Structures are given as structure tokens and as C-alpha cells.
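Visitor: My structure is below; once you've seen it, I'll send some questions.
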Amino acid sequence: MAVTSYTDYLRDLKRIIDRIRDRPFAFDSADVQLALCKNGFGYRCRDRVEEGQLFSEYHMGPLSLNNWQPDHEQVGRAEIDEFFELPEIYAYSDLALRSEKNPLTVAHWDATIGIVEIEVRERHSTSRMQRMLFAGFSDRIHAEFFLAVERDLIVGDHQAGTDLYEWRENLPVEKTLAAMPESANGRHSVTPRLLI
């Protein structure tokens with residue numbers, strides 16, 4: 001099965017996120033939730049737009065802790081921004097969340113795992129959302145090894161998923177829970193849902 005590179009897709013997401021942060025007044029509403037797992041450490045940020053105002057919060061901590069601490073210095077934002085610049089990015093399919101190899105329950109020494117969930121409504125437009133789980137690599141060698149091992153869990157040809165999907169319009173508002181270890185969100189989760 002062929003796999004699809006999501007490097008350009010992630011770059012486009014970053015442009016949308018930057019626009020939300022820089023021009024919140026251009027949106028009726030927005031909810032951007034990002035979380036990273038990197039070398040046993042996690043970073044999470046949430047940007048919300050309400051009535052043209054941007055509200056942001058950041059948390060970080062070891063994946064082994066029950067609760068992450070507020071990241072007042074926004075150290076995690078730099079890590080998250082760096083994730084969007086990785087040269088090799090692939091997306092997991094819904095199968096990854098149902099697998100015994102769920103990427104959110106195992107440590108990765110070579111990959112940065114990132115969850116990006118966005119719901120946005122630009123002025124006088126319909127609401128749209130996307131929810132994706134990515135694996136990013138700083139070099140082609142580690143990416144090739146990853147693809148050899150995880151190929152059955154990776155998106156091929158932009159397949160639409162139920163839990164993980166590219167942009168969709170007119171979906172009902174749903175609140176979701178991070179499909180990360182309990183330490184990442186402070187809650188228990190049996191079903192694979194994403195972000196706070």
C-alpha cells in the first residue's frame with residue numbers, strides 16, 4: 001500500500017493556526033488544540049477565539065506524570081512550532097487508535113507524535129474541522145524505518161477516517177478527549193478520542 005506524505009498538509013495547518021493567532025477578529029470562532037509527545041515529554045497548547053478575542057493556554061510535563069504543569073514561559077510553543085517544520089511527516093489512520101501498537105501508548109525514540117485538532121469558523125462562513133494524528137521525523141532514514149514497521153497504520157491516498165480525518169464541514173460541535181496517556185490530560189480514557 002502506498003502512503004501519503006503529510007508534510008505539505010501540516011505546513012498548511014500551520015498557516016491557518018498562525019492566521020487564527022494573528023487575526024482572531026477574522027473568525028466567528030476557533031478552537032485549536034495541539035499536543036506533542038517527544039522523547040517521553042509532552043507539550044499541549046490550546047488557542048480559542050471567542051467574540052474576536054484570542055485565549056491561549058499551554059501545559060507541559062513528562063508523560064509519566066499524572067498532571068502536566070502550566071507552561072507560562074511557552075517553552076512548548078517553540079517545540080510545537082518546530083514540529084510543523086519537520087521534513088518528513090506522515091498521518092496515522094483510525095487503525096492506529098484501535099491497534100495494540102497505538103502510537104499514543106508507546107514511547108518513540110525516533111518520532112515526534114503530534115495531534116492537531118482544529119474547529120474553525122471564519123466570518124460569515126460554515127464551520128469546518130479536522131483531527132489528525134501525525135508522526136514527524138527530522139530525517140529520511142528514521143522515516144523509512146518507521147514506514148517499514150508501521151505501514152499498515154499509516155494513511156494511504158488521503159483515506160477518510162471516523163476518528164482521524166482531514167477537513168470536513170458542517171459537523172456538529174463535539175468535545176473530545178486526548179487519546180494520550182492519562183498524564184497528558186489528567187483524565188481516564190478507554191475509547192480513542194483526541195485532545196481536551
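The values are calculated or read from the model by the stated rules, or taken from the named source; none is laboratory data. Worth saying up front: this structure is predicted, and the values here are computed from it rather than measured. Cβ placement follows ideal geometry from the backbone for every residue including glycine, while neighbour counts extend to all protein chains displayed. Just the protein is used for accessible areas: all its heavy atoms, side chains included, with ligands, DNA and RNA removed. Shrake-Rupley method; radii C 1.70, N 1.55, O 1.52, S 1.80 Å.
Visitor: Could you report the accessible area of residue 137 in Å², rounded to 10, computed with a 1.4 Å probe on the protein chains as they sit in the structure?
Guide: That residue has around 0 Å² of solvent-accessible surface.
Visitor: If I stretch the segment between residue 105 and residue 125 completely, what's the gain in nm (0.36 nm per residue apart, minus their alpha carbon distance), one decimal?
Guide: Using 0.36 nm per residue and subtracting the Cα-Cα distance, I get 3.5 nm.
Visitor: As an exercise, identify the GluC sites (Glu not before Pro) in the stretch 1-100 lying in DSSP coil whose Cβ has no more than 12 other Cβ atoms within 10 Å.
Guide: Answer by residue number: 51, 73, 100.
Visitor: Another question, then. Enter the accessible area per residue of the stretch 34-81 (Å², integer; probe 1.4 Å; all protein chains in place).
Guide: Value for the stretch 34-81: 54 Å² per residue.
Visitor: Moving on. Using 0.36 nm times the number of residues separating residue 149 and residue 15, minus their current alpha carbon distance, what extension gain do you get?
Guide: In short, 45.1 nm is gained.
Visitor: Counting other Cβ atoms within 10 Å, which trypsin sites (Lys or Arg not before Pro) in the stretch 37-125 have at most 11 and lie in a DSSP loop?
Guide: Passing sites in the stretch 37-125 are 123.
Visitor: Ignoring ligands, DNA and RNA, please state the percent of accessible area on the stretch 1-40 from carbon and sulfur, probe 1.4 Å.
Guide: 49
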